[in-house]
Each structure stands twice: as C-alpha cells, then as structure tokens.
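Only one structure is covered here, and it is reproduced in the block below.
Just so it is clear, none of the values below were taken in a lab; they were calculated from the coordinates. Everything numeric in this text was worked out from a predicted model, so none of it was measured. Cβ sites come from the backbone with ideal geometry, for glycine too, and all protein chains shown count toward neighbours.
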Ligand code: 5RP
C-alpha cells in the first residue's frame, strides 16, 4: 500500500511512542491517525515481546482499534492512575498548549491525559503553529438543548460558530457521549488561550472543548524520512 511522506512522519512518531511503554504500565490510548500507528506498534510488542500493559481508550474508535491489535483494556474506574498517555493533536503552540478534537474525542482525551504521570503528544511538522486556532477551528462539545446559549456566548467571545454535521448521516455529528459539537473559528487565531479555556470551562451546557492548556509534557514530532525530534515543556 502506498503511503505519503506525512504518513511516514506520523508512523515515526507513533512507533517512537510505543517504545516508551514498559511492562506493568497502564497507558492512555489516544485517538486519530497518528496514534493509530502507536497502537499498532504496541500490539506488535505485545505479540512479539510479551509486553504486559493495560490501556484506557479515549474513544470508541481507539477502543475498537486496541481490541483489533490485541491490547488489553482497562478503565479509570478500575484504577485512576496512568503511567503514560499518548495522543495526537491538531495544533501545538510554542508553549506546548494544544488544540484537539478533529475526531470529536476531546472530552475523553482530556480526562485520560489529566490522569497520566506523563502526557506525550504525537504530531508532525504540519501541526506546529505560532498561535492556536489558525490551522483548525476549536471544537466545543455541548448538550443539544444548550446549543443556542452556548453559540451566543461563543459569538460574544469573538468566534464564528458552525454546528459540526455528520458525513454519512443526516444531521449533526453525535459524539461518543451523545452530544453535539460546535466548531469555533477565531479570525487571526486565539489571542488568549488560557483566558478562553477558563471561559469555556465555566459555560453551562459545555461538556468540554479542544483546548489542552498545560497538559502536554512532551511532543514527539515525526519527520518526513522517518526520523523524530522531541519538544519538552519548559
Ligand atoms: C481526535 C483528536 C486527534 O488526536 C487529533 O485530531 C489528531 O489526529 P490525527 O493524528 O489523525 O491528525 O484530537 O479527537
């Protein structure tokens, strides 16, 4: 199967992440095409090396892939502690603040990332931005009955708001929680990510959103050609 240079970069990041796992670790398993390479590489380590790990998936998609590649699964109810979580991102800024949620999995992704001793982000160069919100809109997951008030509040905060629509389904995208997603475009990007994070966290009707402030400890950047480089939080 032919792959693009960007696929090779994603694979390099994913395979590097899988090397961080050790016997006995409880892992957070992220969602998306980059993390999928990590899950596949972990599955190979389980088969070939007898690696003993347990994973908490961040979405139905991650859960299904983890089962397909033979990763033992667990929950945060069983044990709230995770040694390591890895996940993709849509944007990474110079402070290692992130936007996530292209796959609408940001709520579970944030719960899992927050429980981990180390949250490692997997990306390629296309995800690096000077300012969040310039490459992708910001996803905000809302109760369907709160769409109107939350849309108004987001517009007052300077955003242009689109309800995310299904692709091969009529009507809105329904998240793994049964909620809807508003994609918020900020002209020129998000000027004050910490302030917007606090504002969104306090909005009634919002379950969660795609701003990940101060959560990432490290970013593995996969490079075209198969190399990797690391960015560490200062
Ligand atoms: C899903 C996410 C993904 O991790 C993010 O969109 C990156 O995905 P990909 O690795 O496919 O570019 O946040 O909600």
Using a Förster distance of 22 angstrom, determine the FRET efficiency expected from the C-beta separation of residue 177 and residue 155, and round it to 0.05. 0.40
Treat the count of other C-beta atoms within 10 Å as a stand-in for reagent exposure and order 118, 164, 108 from fewest to most. 118, 164, 108
With the cut-off at 1.5 for a/c, could you classify segment 1-117 from its C-alpha gyration tensor as rounded, prolate or oblate? oblate
Ranked list, fewest to most other Cβ atoms within 10 Å of each Cβ, for 59, 126: 126, 59
Over all alpha-carbon pairs in segment 149-202, figure out the percentage whose distance exceeds 19 Å. 36 percent
One finds, for residue 203 and residue 135 with R0 = 25 angstrom and r their Cβ-Cβ distance, a FRET efficiency to the nearest 0.05 of 0.60
Translational diffusion coefficient (Stokes-Einstein; Kirkwood radius from C-alpha pairs) of the chain at 37 °C, 0.692 mPa s, in µm²/s: 182 µm²/s
Cα convex hull of segment 103-234: how many Å³ per residue? 133 Å³
Extension gain (nm, one decimal) between residue 224 and residue 163, 0.36 nm per residue minus Cα-Cα: 18.5 nm
Taking 0.36 nm per intervening residue step and subtracting the Cα-Cα distance, what contour gain separates residue 185 from residue 81 on full extension? 34.0 nm
Alpha-carbon Rg with Dmax, taken over segment 21-63, Å: 10.0, 27
Between helix 5-18 and the chain, what is the angle of the helix's C-alpha long axis to the longest principal axis, kept within 0 to 90° and rounded to the nearest 10? 70 degrees
Let me check against my output: what whole-number percent is the relative contact order of the chain, with C-alpha pairs under 8 Å and at least 6 apart? 25 percent
At 222 nm, what value in deg cm²/dmol follows for the chain if DSSP H runs of at least 4 each add -39500 (n - 2.57) and the sum is divided by all its residues, to the nearest 500? -9000 deg cm²/dmol
Contact order normalised by length for segment 130-234, with contacts defined as Cα pairs under 8 Å and 6 or more residues apart; what percent is it? 32 percent
Globularity ratio of segment 91-158, using Cα Rg and 2.2 N^0.38 Å: 1.27
Output the 0 to 90 degree angle, nearest 10, between the alpha-carbon long axis of helix 147-156 and the longest principal axis computed from the alpha carbons of the chain. 80 degrees
Per the C-alpha gyration tensor (a ≥ b ≥ c, the square roots of its eigenvalues), segment 56-119 is rounded if a/c is under 1.5, else prolate if a/b beats b/c, else oblate; here it's oblate
What's the long-distance tail for segment 157-234, i.e. % of Cα pairs beyond 21 Å? 50 percent
If I model a spin label as a point 7 Å beyond the Cα along the Cα-Cβ vector, how far apart are those points for residue 118 and residue 47 in nm? 2.7 nm
